[in-house]
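In what follows, a single structure is set out as structure tokens and then discussed.
Laboratory data are not the source of any read-out in this text; all were calculated from the coordinates shown. These numbers were taken from a predicted model, which means no experiment stands behind them. Cβ placement follows ideal geometry from the backbone for every residue including glycine, while neighbour counts extend to all protein chains displayed.
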Amino acid sequence: MRLELGTFPVRDVVFGSRTRWQDGVLEINRDALLEEVRKDPRLTKAALELARPGESTRIWPVRDAIEPRVKVEGPGVVYPGIAGRAIDTVGQGRTHRLAGISVVEVSEVLPHDAGGDFNSIFWDMSGPWGDVLPVSKLINICLVVEADPALTVLDQNDAVHRATLLICDRLAETTRGLKPPETEVFELKPVDPALPKVVYIPCLHSASAMSGNSSSGFFCTTATYGLSQLTSPWVLHPNEIIDGAITGPYRIASSWHIANNPILLELYRRHGVDVNFVGVIAVRTEWTTMAEKELMCLQTAKTAQMLGAQGAIVAWDAGGNEFLEVIHTVRACERVGIKAILLTSEDDPTGGAPTLLEPLPEADSVVSVFIGGSGYPGAAQGAGNVLPRVQRVIGSPTRLVGPVREEVMEVAGPMPPPRYNDTYGFGRLSGIEY
Amino acid sequence: MISAIYELPMTTGANRVVKGARIEHVCGDPSLGEQKDFEYGLRITRMALKALETAVDKPTLFDPADMPPAVREVVHAS
């Protein structure tokens, strides 16, 4: 499986009379694009706004962010399966990407209707929260989009996400026929058999057991080829992920984060240098019995063995009981002789519970990516742990907070940061113990 | 403690842990139908009561499958 990834850097985005990429400037015909988006009668609002690095701007609620990519040669479409897109296996041929930007889905639509999962993510383009976020260094093209609340949550999700993908597709399409300024070839060629074989194991949360939406293809949480429900472990070629086979969002992990996953790209670039990257096993988490959880971990370790893996990097995207699958995967790998490294954020050692939920002697090598923020509005906040007021809000001016969402908070005002787990390894945070 | 993910309370030091059904329905299983759901729930609850009567010196796991099925008491009008 060979994939050429052509990069078109974007150093500026302007609204103008046509939509094109030229010499690093992306011009967008806003009215024409929005007219196309508004053809979907399910939408009640659609607006495009720009957020630039360094601005005193807060974006709320961020539901997903997507890097515009387009398949210009080879089978399938980028971001396959989601919101009705084709499901052909991706990862081959040539894909173009617009780098340095993202299209942000700014919407109040909830990810599913099971309750409990409220929108909680906002981005700042500057200040302490902006410093933490890798996406604050992008020019963010924000689609503020809402759907008719009389529709089902599933339909609302489909409508707003289709609209976001439509903008992405139209922008990326401008690069078709152009020669990319930079090209990188991704191919897992045979390498020196003496190099250690390494597998990457991202654990992907699924809300399907809780949402009761297990038979539906899509609702707006992390999806593999559009499937967000609990499924047994997926063996993926890393090229598929570069082509968007795993899409966001779940909390902080957006489609942009997943497609630009630094761990995956680093493993790839070191393939044949000091490791033999044998592939990706994506494990679904939040199964709801001990036996199911354990089964997924055992099957993951078995699959890793069949791939010949000697080492594994295990990472995750959502904690809580989902973390059991994460640590048990580490244990299951170690027990079949695969050295497993856990990439994890850390929790405050309060309450006396073990940081890893269970004592895990097998986890003898852990990479900490610390945490950002400290939770949610209403939680006890340190005096210094409140983000300053911003001049401009893109999206909704207020948000509901509190245990039953009974309090109204001004989004522009001082705001505690949401929790940020950098489990993709973008690496803008470190922790100091003292 | 009745828990579907019973390994967690076991390793965090709960004295008596009873295996529950699922995270979303710990004390029963609505997919079994009303009668069997009730019997399953009763079995879990009876095991929890038996656990309370049992002396333990370390975190101990109780499995409702080890509990004999209850005979549903018939209330006689007399």
Exercise. Averaged across the residues of B:7-14, what count of C-beta atoms belonging to other chains lies within 10 Å of each residue's C-beta?
Worked result: 4
Seminar exercise, completed: Rounded to the nearest 0.05, FRET efficiency between B:Asn15 and A:Val408 (Cβ-Cβ, R0 45 Å) equals 0.55
Seminar exercise, completed: Between A:Leu195 and B:Gln35, the two model label points (7 Å from Cα along the beta-carbon direction) sit apart by a distance in nm of 6.4 nm
Exercise. Which whole-Hz ³J(HN,Hα) couplings does the range A:137-143 yield from phi under the Karplus relation 6.51 cos²θ - 1.76 cosθ + 1.60, θ = phi - 60°, glycine and proline marked x?
Worked result: 8, 9, 7, 9, 8, 9, 9
Seminar exercise, completed: Per principal axis, largest first, the Cα atoms of the range A:2-183 extend in Å by 45, 40, 32
Problem set entry | DSSP bridge orientation in the protein assembly as shown - percent antiparallel, rounded to nearest 5 | 45 percent
For this session: For chain B, state what percent of all Cα-Cα pairs lands in each successive 10 Å bin, counting from 0 Å until the bin that includes the largest distance.
Result: 19, 46, 25, 8, 2, 0
Exercise. When the convex hull of the C-alpha atoms of the range A:190-368 is computed, what volume per residue in Å³ does it have?
Worked result: 118 Å³
Seminar exercise, completed: Rounded to the nearest whole number, the Stokes-Einstein translational diffusion coefficient of the protein assembly as shown at 10 °C and 1.306 mPa s (Kirkwood radius, C-alpha pairs) in µm²/s is 65 µm²/s
Problem set entry | log₁₀ of I(q)/I(0) at q = 0.16, 0.19, 0.22, 0.24 Å⁻¹ - the range A:1-108, Debye sum with one point per alpha carbon | -0.94, -1.25, -1.40, -1.42
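If Lys and Arg each add +1 and Asp and Glu each add -1, what is the summed charge of the other residues whose beta carbon sits under 9 Å from the beta carbon of A:Glu73?
On the way: positive: A:Lys71, A:Arg94; negative: A:Glu4.
So the surrounding residues net to +1.
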For this session: May I ask you to compute the full-extension gain from A:Val14 to A:Met306, defined as 0.36 nm times their residue separation minus their alpha-carbon distance, rounded to one decimal in nm?
Result: 100.1 nm
Problem set entry | Linear extension gain, A:Ala150 paired with A:Thr44, 0.36 nm per residue minus alpha-carbon span | 37.1 nm
For this session: Quick one: what are the phi-derived ³J(HN,Hα) couplings along the range A:387-404, Karplus 6.51/-1.76/1.60 with θ = phi - 60°, whole Hz, x for glycine and proline?
Result: 6, x, 4, 10, 7, 9, 10, 9, x, 8, x, 10, 9, 8, 9, x, x, 10
Seminar exercise, completed: So for the range A:50-126, using the alpha carbon gyration tensor with a ≥ b ≥ c as root eigenvalues (a/c under 1.5 gives rounded; past that, a/b versus b/c decides prolate or oblate), I'd call it oblate
Exercise. Tell me, what is the percent relative contact order of the range A:2-183, built from C-alpha pairs under 8 Å that lie six or more residues apart?
Worked result: 33 percent
Problem set entry | Inter-site label distance for B:Glu24 and A:Phe118 at 7 Å from Cα along Cβ, in nm | 2.3 nm
Exercise. Per-residue HN-Hα couplings for the range A:96-111, Karplus 6.51 cos²θ - 1.76 cosθ + 1.60 at θ = phi - 60°, whole Hz, x for Gly and Pro?
Worked result: 9, 9, 9, 9, x, 9, 9, 9, 9, 8, 9, 7, 7, 4, 7, x
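Calculate, for A:Glu266 and A:Glu73, the FRET efficiency according to 1/(1 + (r/R0)^6) with r their C-beta to C-beta distance and R0 22 Å; round to the nearest 0.05.
Working: r = 26 Å, r/R0 = 1.17.
The formula returns an efficiency of 0.30 here.
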Exercise. Each label point is 7 Å from the Cα along the Cα-to-Cβ direction; what then is the distance between the points at A:Glu36 and A:Glu346, in nm?
Worked result: 4.8 nm
Exercise. Check A:Met415: other-chain or 5+ apart residues with amide H under 5 Å from its amide H, H built from backbone geometry?
Worked result: A:Leu387
Exercise. Amide H to amide H under 5 Å from A:Gly93: which residues, 5+ apart in sequence or cross-chain, H placed 1.01 Å off N in plane?
Worked result: A:Arg2, A:Glu4
